[in-house]
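Read-outs throughout are calculated quantities, based only on the coordinates presented, and are distinct from any laboratory measurement. All values derive from a computational prediction rather than experimental measurement. Because the Cβ atoms are built from the backbone with ideal geometry, glycine has one as well, and the counts that use them run over all protein chains shown.
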Amino acid sequence: MKDSYIYAGKPSRVKDASSVSGVLTKLFGGGFAFRVYDEKNNFVDYEICHDDLSITINADELASFYSHKDQHVLDHSPKVLGLKKVGS
């Protein structure tokens, strides 16, 4: 699908996002974007307005969940961050 629709009051090109791979990236000004690279390594950052998008983290992303009491964080793995294991 590659059509134009009125979105947020403006005519906008629309492409189906199904099965598109990208990177969830934290923006310097705050917030997040979905970054999609092309074959020349150029990218487009898409502002995320979708409210319940499913995401699967690939095994090679070196990502880990950290929990302490009521705080829960998704960050790089302990190996990437050079963290010390408790009890070591």
Task: Added length on full extension, which subtracts the Cα-Cα distance from 0.36 nm per residue, Asp60 to His72 - done: 2.2 nm
Task: Qualifying trypsin sites (Lys or Arg not before Pro) for region 1-65 [loop in DSSP, other Cβ within 10 Å: at most 11] - done: Lys40
Task: Residue with peak Gaussian network fluctuation, the chain [Cα springs, cutoff 10 Å], from Leu24, Leu74, Leu53 - done: Leu74
Task: Which of Ser21, Ser4 has the fewest Cβ neighbours within 10 Å, and the rest in rising order - done: Ser21, Ser4
Task: Given charges at Cβ of Lys, Arg, Asp, Glu: the chain dipole, positive-most of Asn41, Gly22, Tyr7 - done: Asn41
- [ ] Treat each spin label as a single point 7 Å out from the Cα along the C-beta direction, and report the Ser18 to Leu53 distance in nm.
- [x] 1.7
TODO: Note down the relative contact order for region 20-81 as a percent, whole number, built from C-alpha pairs under 8 angstrom at least six residues apart.
DONE: 17
TODO: Mind putting a number on the dipole of the chain about its Cα centre? Charges go on the C-beta only, +1 for Lys and Arg and -1 for Asp and Glu, and I need it in Debye to the nearest 20.
DONE: 300
Task: Semi-axis lengths, Å, the chain, gyration tensor of Cα atoms, sqrt of 5 times eigenvalues - done: 34, 16, 12
- [ ] Please give the FRET efficiency for Val36 paired with Leu83, using the beta carbon to beta carbon distance and R0 = 25 Å, rounded to the nearest 0.05.
- [x] 0.25
TODO: Quickly estimate the mean residue ellipticity at 222 nm for the chain, helices only: each DSSP H run with n ≥ 4 gives -39500 (n - 2.57), and the total goes over all residues, rounded to 500.
DONE: -500 deg cm²/dmol
